[in-house]
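Below is one structure; the comments refer to it alone.
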Amino acid sequence: MTPRTFTKWLPAIVIPAVIAVGALAVPLTAGAAVDLPDKTPEQVLALVGTSTVDALSGTIEQTSELGLPELPTTGPGASANTGAASALELLTGSHTGRVYLNGPDNIRLQVLDNLAERDLVRNGSDVWLYNSKDNSAAHVTLPAKDAAGEDSARKGGMATPEQLAAKFLSAVGPSTTVSVGTDGSVAGRSVYDLVLTPKTTGTLVGTVSISVDSQTGLPLAVEVTARGQEKPAFRLAFTELSLGAPDASLFTFSPPAGASVTEQALPDAAALGQKNAADHATMKADAEKFFAGVTISGTGWDAVVELPAGSVPAELSSSPLLGELTTAVSGGRVISTALVSVLLTDDGRVFAGSVPSERLQAAAVGG
Amino acid sequence: MSPSDPREPVVTGTGPTGHAPREPDQTGPAATAVSRPRGASAAALLGSELTVLFRRRRTWAMLAALAAIPVLIAIAVRLTSSPVTPGRGPAFLDRITQNGLFVAITALIVSIPLFLPLTVGVVAGDTVAGEANLGTLRYLLVAPAGRVRLLLVKYAGAAAFCVAATLTVAVSGALIGAALFPVGPVTLLSGDTIGVGESVLRSLLIAAYVTVSLLGLSAIGLFISTLTEVPVGAMAATIVLSVTAQVLDALPQLDWLHPWLFSHYWLDFADLLRQPIDWTSFGANALLQGGYILVFGALAYGRFVTKDILS
């Protein structure tokens with residue numbers, strides 16, 4: 001090759017090289033070292049406690065590598081979107097969602113699916129759920145007084161980082177070492193990294209890391225890493241965040257023409273009171289019976305929950321999906337993921353915990 | 001091809017049947033470029049390229065086939081008595097009976113994986129190899145520094161076809177939809193409703209997205225076209241690559257590769273149907289296609305300027 005020929009080919013060599021360098025360098029600069037004033041875990045927790053952000057819009061990304069088989073989600077209309085498959089679909093793979101928040105009464109959550117979207121809109125006491133895949137909407141009217149309490153239970157699909165963080169923070173106790181890790185940045189904001197490490201070695205959870213915005217105290221990311229693994233098994237993080245009230249029109253929702261709308265009543269106090277007493281009593285007895293059967297052995301991270309026989313609905317236990325997810329072990333079938341194991345014994349009992357499946361089997365034999 | 005290639009230069013006056021022969025004055029702009037300002041001559045070359053491209057019967061046949069896709073979908077949906085079950089068939093199929101404007105979007109979803117890449121592959125694969133095959137390439141290269149300019153003009157022609165192909169599907173879909181079904185406010189994926197005016201705007205945005213999506217493939221086709229003198233080979237290779245990229249994109253084991261595949265964001269234009277519009281995929285797609293244009297443009301440049309043009 002003559003030198004002249006070589007110069008002609010030079011762009012074909014240089015441009016891919018520049019692109020490769022750029023592709024490597026951009027994530028590096030995004031994760032560049034951030035140095036914030038040092039804080040103790042208590043101070044970071046206090047920062048979270050004092051967080052007053054109640055208006056924001058942002059994009060959230062969830063990635064799960066729990067070791068469950070991934071359901072097909074590529075291609076238009078590929079993923080099944082009903083019942084158990086829908087719940088499992090949210091647990092496996094990755095999702096992107098958008099959150100809009102303006103005070104506690106105006107919430108909009110969007111799960112951005114492939115060529116589809118699932119929406120939750122709350123405007124005061126009106127809550128709308130919309131699924132574009134089958135063009136269906138559900139309307140729930142919240143009772144005025146405990147509206148705030150119902151809301152967190154209704155969010156369903158995708159929990160916000162705040163909720164997950166609050167759940168873990170409340171569990172911080174004698175079982176856990178809390179430390180502050182290296183400062184980083186999430187969604188372009190500098191964060192403190194609150195690291196929770198279980199003291200016991202009996203659990204599958206390695207560390208839980210919560211990224212706390214250094215300015216507002218808002219939790220921006222939650223990562224759960226399984227013991228002995230480098231990549232997080234579960235990660236929920238903002239990829240974009242802007243503080244400030246979103247457009248008010250986002251919180252007004254009326255079902256589109258042609259959508260199938262269902263009204264869903266909440267079993268609130270008034271509705272329950274209207275039911276006849278006998279019905280009420282049976283429900284109460286059922287509930288008591290159910291909770292009487294639930295036993296929790298151990299405390300903290302390596303606790304094992306036992307559900308009595310018959311607590312799994314027959315249609316779920318006979319579902320072929322379950323057969324694909326579980327592996328047969330002596331005494332039952334087991335679902336083991338990176339973070340949680342569930343054992344369904346042959347006599348119908350269910351054992352679950354963030355422990356290796358062998359411990360569940362031991363608990364099933366011992367109990 | 002090496003300089004010692006024994007192949008005889010083929011110079012023919014007229015192309016095979018089915019190709020519109022270049023009119024005598026169309027080799028003129030390139031031939032007289034020496035005495036003209038460079039910009040004017042490039043514009044003339046581009047004009048001549050576009051005229052040749054859009055006068056071809058083959059181009060019209062491909063555009064007609066693309067226009068037929070939404071027509072077929074609309075007629076099929078109109079003639080079936082049973083309502084389309086939501087979630088069955090291509091996305092948005094069940095919305096067509098309520099709103100004819102969805103015909104265009106459904107047709108685009110149907111044509112993106114195969115029909116659009118197919119036609120773009122034919123045009124992009126033909127760019128340089130077609131001229132070489134017809135023996136007209138060296139007449140186009142009489143002007144000094146003509147090769148870079150010719151490459152740019154050829155790519156612009158292929159890009160113009162991307163625009164035409166996408167708009168053909170979108171416009172024909174909107175027209176047949178409006179003719180056969182009621183037209184009214186459009187329901188977005190988020191459940192919000194927008195008026196007809198804004199929905200036309202969003203359809204144009206989607207057309208722009210799909211056009212941008214095809215630019216990377218056009219650059220690949222242009223590069224392959226400089227490698228050979230057999231246009232059919234270049235066309236087939238380009239189309240095969242587009243199918244291969246989509247197959248690779250469907251394999252979860254190759255997760256790390258997916259963001260680098262030019263077909264990765266092809267179906268993500270649905271983000272333009274959310275409220276508010278999610279521009280993330282538009283930006284990511286444009287960046288990716290830009291990268292492909294740069295890389296394969298550079299490769300095409302390297303190949304084309306060092307190539308021995310004998311025909």
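Quick note: the coordinates plus some simple rules give every number you see, no bench work behind them. The structure presented is a predicted model; accordingly, all values stated were derived computationally and were not measured. Positions of Cβ are generated from backbone atoms using ideal geometry, with glycine treated the same way; all protein chains shown enter the neighbour counts.
Remark: B:Trp260, B:Trp279, B:Trp266 ranked as B:Trp279, B:Trp260, B:Trp266, counting other beta-carbon atoms within 10 Å and listing the fewest first. Compared with the alpha-carbon gap, the fully stretched path from B:Ile309 to B:Ala179 is longer by 41.7 nm at 0.36 nm per residue. For the segment A:94-107, counting C-beta atoms of other chains within 10 Å of every residue's C-beta and taking the mean gives 1. Each of A:Ser94 and A:Gln43 was given a label point 7 Å from its Cα along the Cα-to-Cβ line. The distance between the two points is 3.5 nm.
Each label point was placed 7 Å from the Cα along the Cα-to-Cβ direction; for A:Val14 and A:Thr239 their separation is 3.3 nm.
Calculated FRET efficiency, A:Glu230 to B:Arg58, Cβ-Cβ distance, R0 = 56 Å: about 0.55 to the nearest 0.05.
Relative contact order for the range B:37-306: what is it in percent, counting Cα pairs under 8 Å that are at least 6 residues apart? Normalised by residue count, the contact order of the range B:37-306 is 24 percent.
The simple spin-label model puts a point 7 Å past each Cα toward its Cβ; for A:Thr327 and B:Leu204 those points are separated by 5.8 nm.
For each of A:Asp54, B:Asp255, A:Asp119, count neighbouring Cβ atoms within 10 Å of the residue's Cβ, then give the residues from fewest to most.
On the way: A:Asp54 13, B:Asp255 10, A:Asp119 26.
Starting with the residue having the fewest Cβ neighbours, the order is B:Asp255, A:Asp54, A:Asp119.
Here the dipole of the range B:37-306 is about 800 debye; that uses its Cα centre as origin and unit charges on the Cβ of Lys and Arg (positive) and Asp and Glu (negative). Across q = 0.09, 0.16 Å⁻¹, the range B:37-306 modelled as identical point scatterers on its alpha-carbon atoms has Debye log10 I(q)/I(0) values of -0.45, -1.19, in the order of the q list.
The residues A:Ser179, A:Ser51, A:Ser214, when put in order of fewest to most other Cβ atoms within 10 Å, stand as A:Ser179, A:Ser51, A:Ser214.
Between the range B:169-195 and the range B:239-311, what's the alpha-carbon centroid distance in Å? Cα centroid to Cα centroid, the span is 28 Å. Taken residue by residue and averaged, Cβ atoms of other chains lying within 10 Å of the Cβ of A:230-237 number 0. Cβ-Cβ distance of B:Tyr139 and B:Arg78, R₀ of 45 Å, FRET efficiency by 1/(1 + (r/R0)^6): the value works out to about 0.35.
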